[in-house]
Amino acid sequence: MTDDRALAGELATAAGELLLDIRKTSGLTGKELGNAGDSQSNEFLLRRLAEERPDDAVLSEESADDKSRLQAERVWIVDPVDGTREYGTYEPGAGRTDWAVHVALWSASDGLIAGAVALPALGVTYVDDDTVVEPTEGLASRPRTGVPRVVVSSSRPPAFADEVAAAVGGELLPMGSAGAKAMAVVRGEADAYVHAGGQYEWDSAAPVAVARAKGLWCGRIDGSPLVYNNEDTYLPDLVICRPEYVESILTVTTEGAGG
Ligand SMILES: Nc1ncnc2c1ncn2[C@@H]1O[C@H](COP(=O)(O)O)[C@@H](OP(=O)(O)O)[C@H]1O
Ligand SMILES: [Mg+2]
């Protein structure tokens, strides 16, 4: 049987290929394209997980929340398209790259035990192994300079974004998709990703599994651990950063969190 990590990688990659195909051939754009991508990618992931791991539970952004997952030993946490808005922003030959497919596996005994983030527009999928990722460009809208870079949501940056950039002596870079932003840090295109004010477990589970495996620090803005498969799937904030920036970032964000 394929191991869980390989399966996560395989499914994220295949869903990504399906999404590229829909984007190219459906003739849809904007919200309609986003909706078509969300539902078809979700159907694909649910079908394949039911075939490959019939005993496991699934928590997906695009499915009704089946609370039997709260008693399950293993739960796949998936986001069929993360960065739906960016995925839908498409003109032939000029699609955005900052959207992702997330497939993570959570276990009751060990928390996140596998994860994959596909960046379909770049033809690459990252999994939670310890393979070193060489510095690469392709997600960021402008080339890397010498200063540290903090990626934040383009549409909903945290209130303390400027303060975090100042604390690391760096600059802000807006980008879509939680998975793309986390992978920007993994790829060395940025040094930190901070978010606050709203997000759900599927937005961060797979990105965090991958980022952790690559030696990055991942946690809540108050420094507490990210905990998954809760009854309420709202998990509004996170920090993913190179270890040397944890202290300066948390000094700002802990205050922002009211700590
Ligand atoms: N304030 C908020 N409340 C709820 N979800 C939010 C949010 N800010 C960001 N998100 C979700 O986090 C993901 C990344 O957002 P962003 O691109 O702004 O960084 C998106 O997931 P989806 O595209 O899967 O819906 C988005 O919906
Ligand atoms: Mg998402």
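The values are calculated or read from the model by the stated rules, or taken from the named source; none is laboratory data. Treat the numbers as computed from the prediction; the structure is a model and nothing was measured. Every residue, glycine among them, receives a Cβ derived from its backbone with ideal geometry; neighbour counts consider all protein chains shown.
For this structure, a couple of remarks:
- Some residue of region 201-221 being farther than 18 Å from L119 by Cα, crowded, with 20+ Cβ neighbours inside 10 Å, modelled with pLDDT of 95 or more and within 13 Å of ligand 2 (Cβ to nearest atom): yes
- Any chance V103 is away from ligand 1 (no atom under 16 Å from the Cβ), buried (at least 18 other Cβ atoms within 10 Å of the Cβ), in contact (Cβ under 8 Å) with a residue 12 or more places away in the chain and of a type outside the set (S, T, N, Q): no
- Which listed residue is within 17 Å of the chain's Cα centre (by Cα), among the small types (G, A, S) and modelled with pLDDT of 95 or more, from A72, A108, A140, A121: A121
- Residues that are in contact with a Gly (Cβ under 7 Å, 6 or more places away or on another chain) and at positive phi do not occur anywhere in region 202-221.
- Test: residue in region 108-121 that is part of a helix (DSSP H, G or I), in contact with a helix residue (DSSP H, G or I) (Cβ under 8 Å, 6 or more places away or on another chain) and not assigned by TED's automatic domain parsing to the domain that holds R187: yes
- Flag: V194 matches the condition of being crowded, with 20+ Cβ neighbours inside 10 Å, within 16 Å of ligand 1 (Cβ to nearest atom) and more than 30 Å from I22 (Cα to Cα).
Residues checked against (1) away from ligand 2 (no atom under 16 Å from the Cβ); (2) closer than 22 Å to E201 by Cα:
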site	(1), (2)
R142	yes, no
V151	no, yes
R156	no, yes
D162	yes, no
A167	yes, no
G170	yes, no
A178	no, yes
V186	yes, yes
